[in-house]
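So the structure is just underneath, and the comments pick up after that.
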Amino acid sequence: MLTPAGAIYFQNFDSTLLPLPSLAPHKPEFYTISLYEKPLNFRVYLCDLTMADGNRYIIEMATPLKFLNEVLANYRENVIVLLPIILIMGIAGGILVSRKPHAMIKNIVDTTNRINAQNLRQRLQAGASGGDETQDLSRAINAMMDRLEKAFEEIKYFTADVSHELRNPLFSLKGAIEVALTQERRGEEYKRVLNDCMEQVNALIKMVNDLFLISRFELKRVDLELSDINLSEVLDDLYDFFLPLAEEKKIQCSMERSDIVRVKADKTRIHQLMSNLIENSIKFTPEKGAVHMRLSAEDGEATFTIRDSGPGIAEADMPYIFNRFYQVDKSRSGSERRGSGLGLNICQKITEAHGGSITVQSEEARGATFIVKLPVM
């Protein structure tokens, strides 16, 4: 450290060979110089320092670079020695780490190669915990296979059900025609056979149309013609339509409704929904039974309830009552009351398409109650 007069104020080693700076103002700077007979490099820092009392000093600091050079040399030697070791260890570690994903990918390939339409129960091995990508992939593929298996099972059962439901009326048609052709008959007899065949054909056409409608609902290809409708008016029309059928069976049919229950819905589909439910209730209610309908609007929902005094639904059948072709054997064993088993499934599809819900409450031998809820306007 130099004073403004050029005198050395402080030094911490013999720096007689270190050239002193000029007394002119200096900007802070770094530079390197060599000292002594054996050249020794020093790194020098030079700057001015003005104290609080106004005195100005020139600071010149120097540090030998020998130690730093030795450290750098040792570092280079260590890197040269350790780099191949690190490289080898990295390759070995990478191989070890990649063995598990490789085995899992091989398992995925082997398992997927064994999967076909007849063998959809194969699943990939995936740990219950862990977050690496191969396990996530295995779980995703297993979930996809679960959905595919369920879809194939539904298609298989659907095909079997359709085959069964179509076979009976077709055999009935074939039998009626064969009987009619066994001998010469009067015109009235042929006309009666043709009328019976027409009824069977109409039933088949209705079943095919119902299946087509269900498939369109499932594919979300049904274009609902939404409009502002009053459900009370729809129920009035249906009540008047089905009342003669109920009176024919001596069924006490009653109705309780609000004057105005407005919803935004497809009138044709809502008519079909309510018609199916009313027809079912009258069909499965014995003579001198009772059917009660109620329509109300509360809590932002329109609620249509229909209760009958029919044979009811067994608890074991309740989870499947809205499935396609499902028949409750005890209550539908008679040929008069037997339907296609598609009506309630269609009711469910129509209700869900309008953002509503349909549920059933029943006890065996104590009747059934169907409850439809739709959002009001």
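The values are calculated or read from the model by the stated rules, or taken from the named source; none is laboratory data. The model shown is predicted, which means the values in this text are computed figures rather than measured ones. Reconstructed Cβ throughout: ideal geometry from the backbone, glycine too, with neighbour counts over all protein chains shown. When the accessible area is computed, the model is the full protein with side chains, heavy atoms only, and any ligands, DNA or RNA have been set aside. Shrake-Rupley method; radii C 1.70, N 1.55, O 1.52, S 1.80 Å.
Things worth noting here:
- Every test in (1) open to solvent by 100 Å² or more (accessible area, probe 1.4 Å); (2) free of Cβ contacts under 8 Å to residues at least 40 places away in the same chain is passed by A160 save one, and that test is (1).
Every residue, every condition in (1) farther than 29 Å from N41 by Cα; (2) of a type in the set (K, R), yes or no:
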residue	(1), (2)
L72	no, no
V81	no, no
I86	yes, no
R139	yes, yes
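- Residue count for segment 235-258, restricted to those that are out of contact with any helix residue (DSSP H, G or I) (no Cβ under 6 Å at 6 or more places or on another chain) and either assigned to a helix (DSSP H, G or I) or among the charged types (D, E, K, R) (or both): 13.
- So E153, is it acidic (D, E) and closer than 30 Å to Q122 by Cβ: yes
- If you filter segment 163-176 down to residues that are at pLDDT below 85 and surrounded by 11 or more Cβ atoms within 10 Å (Cβ to Cβ), you find that the one that is farthest from the chain's Cα centre (by Cα) is S172.
- Subset of segment 52-78 [surrounded by 11 or more Cβ atoms within 10 Å (Cβ to Cβ), among the hydrophobic types (A, V, I, L, M, F, W, C) and outside any helix (DSSP H, G or I)]: I58, I59, M61, A62, L65
- Residue that is surrounded by the fewest Cβ atoms within 10 Å (Cβ to Cβ) [pool: residues in segment 272-292 that are of a type in the set (G, A, S) and touching a strand residue (DSSP E or B) at 6+ places or on another chain (Cβ under 9 Å)]: A290
- Of the residues in segment 177-193, none is among the hydrophobic types (A, V, I, L, M, F, W, C), open to solvent by less than 70 Å² (accessible area, probe 1.4 Å) and within 30 Å of N116 (Cα to Cα).
- Check on E298, touching a residue at least 12 places away in the same chain (Cβ under 8 Å), open to solvent by 50 Å² or more (accessible area, probe 1.4 Å) and acidic (D, E): no
- Pairs are defined by a Cβ separation below 7 Å, a sequence spacing of at least 6 or placement on different chains, a first member in segment 14-43 that is at positive phi and modelled with pLDDT of 65 or more, and a second member that is not small (G, A, S) and not in a strand (DSSP E or B); the pairs so defined are Y36/L17.
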